[in-house]
Amino acid sequence: MPISTSDAPTDLDRLRTELLRRAKEAGFDDVGIARADARTDLPARLDAWLACGRHGDMDWMAETAARRAAPATLWPEARSIVMLAMNYGPDEDPLDILARPDRAAISVYAQNRDYHDLVKKRLKEVARWLAEESGAEVKVFVDTAPVMEKPLAEAAGLGWQGKHTNLVSRNLGSWFFLGSIFTTLDFAPDARHDDHCGECRRCLDICPTKAFPVPYELDARRCISYLTIEHKGHIALEFRRPMGNRIYGCDDCLAVCPWNKFAQVAREAAFVARDDLRAPLLAELAVLDDAGFRARFSGSPVKRIGRDRFVRNVLIAVGNAGVPALADVVRPLLDDASPLVRAMAVWALGELGERDELRKRAATALGTETDEGVRAEWRRVSD
């Protein structure tokens, strides 16, 4: 991309009808079209959010803010944005795993293949046809580019951004991926979707870390998805127990949405949960070295956070599990090469009733440890 031909479009209505058909054949469950300039409110909204620091250490959001908030800045020639949704609905309640503390809760979307690969491949198929058929230029984006997919999808009529800031659909509920095709074609836009949240606040009330300061606003710094995936450093003490056994992402606010009565189970095999990722044992995950981690999560989005952050998350879940026998898998990690792992090994052992043993090691550990995050954990157990 971009793809272009010399022929000019002749019949936008016919082209639009065929585009919708082709998208459905490619596996997309819903399609809508917005004008590229449909959301002129986004620059001010994004700037205000960034000014509050709610993006945490996702510096790339501030660095790409101009392009992210204004499609015309990202690609001035774009006239229309085709937004497409692909369902990944689970075949079981994602909240059930939270009652199994010796098991790891992995967000539904990450229990099989990385969605970027499949969605982008399908988008390119549709976009290539559109370019060849119309002579227009096209560009495709799936999450990794600076595009605000959710407000654009709302403008395209696919759904509305709920109080949890995620998109909700009357047809698909909460479980779907978004992709976009930017094009120089000037399609008639679909009507923007109305908000149907009403007085409901289930998504706000269930959040374990109170990440929503007010409805429709997210403070990423308090969000478990951010903490387990985007945050590269030590996780603050106040968030560890609320994290429970969630080791990669969090589905709570999505799972409780009443509009999920219209949700569908994923049809794509790549989005059906792998058996080994549905409810893996924490004891198995905690002992993974880098090679074992890469092998276990080959092709999964989990792989992108790396072994050290992953085991950091697992150790927090271990500390929350209340299973003293898990201390056996944690002790060797006190000497792990990663300070993220060492710190959470100290914390997890303290939570599992090993505080007296840790106190015996504290003086020696503090004498040799150089990472301040790890030192803080040793000081905490020695107090």
Quick count over the range 263-277, residues being assigned to a loop (DSSP other than H, G, I, E, B) and either touching a Ser or Thr at 6+ places or on another chain (Cβ under 9 Å) or closer than 22 Å to TRP160 by Cα (or both), is 5
Single unsatisfied condition, GLU133 versus (1) crowded, with 18+ Cβ neighbours inside 10 Å; (2) under 22 Å from ASP190 (Cβ atoms); (3) not small (Gly, Ala, Ser): (1)
Which listed residue, of ASP190, ASP143, ASP186, ASP219, is acidic (Asp, Glu) and in contact with a helix residue (DSSP H, G or I) (Cβ under 7 Å, 6 or more places away or on another chain): ASP143
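A quick yes/no check of all residues on (1) farther than 30 Å from HIS196 by Cα; (2) of a type outside the set (A, V, I, L, M); (3) in contact (Cβ under 8 Å) with a residue 12 or more places away in the chain:
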| position | (1), (2), (3) |
| --- | --- |
| ASP219 | no, yes, yes |
| GLY244 | yes, yes, yes |
| CYS257 | no, yes, yes |
| ALA283 | yes, no, yes |
| VAL287 | yes, no, yes |
| GLY299 | yes, yes, yes |
| LEU315 | yes, no, yes |
Out of all the residues in the range 106-125, is one or more assigned to a loop (DSSP other than H, G, I, E, B), surrounded by 20 or more Cβ atoms within 10 Å (Cβ to Cβ) and touching an Asp or Glu at 6+ places or on another chain (Cβ under 6 Å)? yes
With the requirement that a residue be touching a Cys at 6+ places or on another chain (Cβ under 9 Å) and either under 19 Å from ASP114 (Cβ atoms) or in a loop (DSSP other than H, G, I, E, B) (or both), what does the range 214-225 give you? PRO215, TYR216, ASP219, CYS223, SER225
Of the residues in the range 236-262, those that are assigned to a loop (DSSP other than H, G, I, E, B) and surrounded by fewer than 19 Cβ atoms within 10 Å (Cβ to Cβ) come to ALA236
Selected residue (criterion: nearest to VAL142 (Cα to Cα)) from residues of the range 196-213 that are outside any helix (DSSP H, G or I) and either out of contact with any helix residue (DSSP H, G or I) (no Cβ under 9 Å at 6 or more places or on another chain) or aromatic (Phe, Trp, Tyr) (or both): PHE212
Please state which one of ARG307, ARG312 is touching a helix residue (DSSP H, G or I) at 6+ places or on another chain (Cβ under 6 Å), surrounded by 24 or more Cβ atoms within 10 Å (Cβ to Cβ) and under 20 Å from ALA283 (Cα atoms). ARG312
Residue count, the range 104-141, condition closer than 28 Å to ASP11 by Cβ and among the aliphatic types (A, V, I, L, M), comes to 8
What helices (runs of 4 or more DSSP H) completely inside the range 295-378 contain at least 3 residues that are under 26 Å from the mean Cα position of the chain (by Cα)? 306-321, 339-351
Would you mind finding the one in TRP60, TRP49 that is buried (at least 17 other Cβ atoms within 10 Å of the Cβ) and assigned to a helix (DSSP H, G or I)? TRP49
I need the full set of residues from the range 4-16 which are over 32 Å from the mean Cα position of the chain (by Cα) and at pLDDT 50 or above, in order please. THR10, ASP11, LEU12, ASP13, ARG14, LEU15
Could you tell me whether the range 340-354 includes any residue that is at positive phi and at pLDDT 95 or above? yes
When you scan the range 136-158, how many residues do you find that are over 15 Å from VAL31 (Cα atoms), assigned to a loop (DSSP other than H, G, I, E, B) and at pLDDT 95 or above? 2
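The values are calculated or read from the model by the stated rules, or taken from the named source; none is laboratory data. Note that the structure is a prediction, hence the values are computed from the model and not measured. Please note: Cβ atoms are built from the backbone with ideal geometry, for glycine as well, and neighbour counts cover all protein chains shown.
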